[in-house]
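Input: a single structure, listed below in structure tokens.
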Amino acid sequence: EEGYLREAKAIKDVADAMIQGVKGIPELTLIGNPTFVISFRSDDVDIYHVNDFMKTRDWRFNVLQLPPAMHFCVTMPQTFVPGLVEMFANDLKEGVAYAKTKAGTPAETAAIYGVAGSMEGNQTVREMVFGLFDYLYAV
């Protein structure tokens, strides 16, 4: 129990510091009241361009849509990386600056959550997905 509490506190401390990093960038809006799963969006820049930049710095986020956003989870391995919080905040600031230079251009990132809602007008994709699910759920 003592070890669990120690590790949970370490995760929460890193997550809290990373949350402050997001809050320190005026173009970003934190979503909800996170504990260790942190999600943010932007009304000022294309968040997918931010993600494109962050990939170049070896950060991996899950992208969301409606609204466009990103999220990630702080886990125990992140608590062992010296300077991680500072790297995150600096890279994220640079990612926002990068996104500003890309305004009006398409991002490389594409959100996959909710993609089913985009299949309505694409009969070929619909048939492929239905076929896949038929196969996966066959008795």
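The values are calculated or read from the model by the stated rules, or taken from the named source; none is laboratory data. Computed from a predicted model, the values in this text were never measured in an experiment. Counting neighbours? That spans all protein chains shown, and the Cβs are built from the backbone with ideal geometry, glycine included. Heavy atoms of the whole protein, side chains included, go into the accessibility calculation; ligands, DNA and RNA do not. Shrake-Rupley method; radii C 1.70, N 1.55, O 1.52, S 1.80 Å.
Averaged per residue, what accessible area in Å² does the range 57-114 show with a 1.4 Å probe, protein chains only?
Numbers: 3580 Å² over 58 residues.
Per residue, the range 57-114 has an accessible area of 62 Å².
Contact order, relative form, for the range 1-86: 30 percent (alpha carbon pairs under 8 Å, 6 or more residues apart, mean separation divided by residue count).
Going from most exposed to least, what order do Tyr98, Tyr48 have by accessible area with a 1.4 Å probe? It would help to have the intermediate numbers written out before the result.
Working: Tyr98 70, Tyr48 35 Å².
Most to least solvent-accessible, the answer reads Tyr98, Tyr48.
Across the accessible surface of the chain, with the other protein chains kept in place and a 1.4 Å probe, carbon and sulfur atoms take up 58 percent.
The angle between the Cα long axis of helix 84-101 and the longest principal axis of the Cα atoms of the chain comes to about 50 degrees, rounded to the nearest 10. The base-10 log of I(q)/I(0) for the chain, evaluated at q = 0.14, 0.20, 0.21 Å⁻¹, reads -0.74, -1.12, -1.20 [Debye formula, identical scatterers on Cα atoms, solvent excluded]. Listed by chain and number, the aspartates and glutamates placed with their C-alpha closer than 14 angstrom to that of Lys102 are Asp44, Asp46, Asp52, Glu94; residues fewer than eight positions away on the same chain are left out.
Against the main long axis of the alpha-carbon atoms of the chain, helix 2-23 sits at an angle near 80°. With each label modelled as a point 7 angstrom along the Cα→C-beta vector, the Ala10-Met76 pair spans 0.8 nm.
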